[in-house]
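J.: Once you've had a glance at the structure underneath, I'll fire off some questions.
Read-outs: derived from the displayed coordinates by stated rules, not from any lab. Bear in mind the structure is a predicted one, so any value in this text is a computation, not a measurement. Heads up, the Cβs are rebuilt from the backbone with ideal geometry, glycines too, and the neighbour counts pull from every protein chain shown.
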Amino acid sequence: MKSKQPALILALLAFAALALWAQTTQRTIPSTGGTSPSAVNANPQSRFIRILTPVASQKLATNIVRVSFEVTNPGVSGGMPNFLVQLDGNDPVRTTSTDYTFTGLAPGNHSVTIIMVDANETPIPGARSVVQFNILPPRSTSAPPAARPGGMAYNTDAPIVRMA
C-alpha cells in the first residue's frame, strides 16, 4: 500500500491543478464568437455595471459580437434602468435590455461602452463600463488545387480542351 501513496498524491495534485487551470482559463468558441459561461470579465469595470461579453482583449473569429452586461447595484437607477450601448465612436443605442448584438464589424480593435442613464438620458455617475476586443480577419476560403494521383496539381476551374 505504501508504494501507491506517492502516485495517489501526485494524481490528486495533478487533478487539483487541472481544475484550477480550467476555472481560470478563458476560452473562445470560434463557431459562435462567444465565450464559455465561466469566461467573463472578473471585475466590474464600474461600481454599477459589469460587461460579461465580450471579454476584455478577446479575439473573435466572427464579425458579430453579442454585448452582454449586468447591473451590479440594481438600486442605483431608481427604477427600470436605461442604457446607452456604444460601439467605437458610433452613435449610442438606447435600450432597457442587458444585451445587444452588433453585426458587420470590420477586422481590428473595437471598444464597447455601456452607460446607465436616467429617464432623461442623463448619465448616472460611476455607471459607465468599457471593454476592448478584437475581430480577427476572415480566414481564406480558397482551397489549393486538387492533386492527381501522381502528385500533380491541376486547376479544376479551367475549361476542358480536347485535342483532335
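J.: Given points 7 Å out from each Cα along the Cα-Cβ axis, report the ASN120 to THR101 separation in nanometres with one decimal.
T.: So the two model labels end up 3.6 nm from each other.
J.: Ok, one more. Describe numerically, in nm with one decimal, the distance between label points set 7 Å from Cα along Cα→Cβ at LEU136 and at ALA56.
T.: Calculated label separation equals 2.2 nm.
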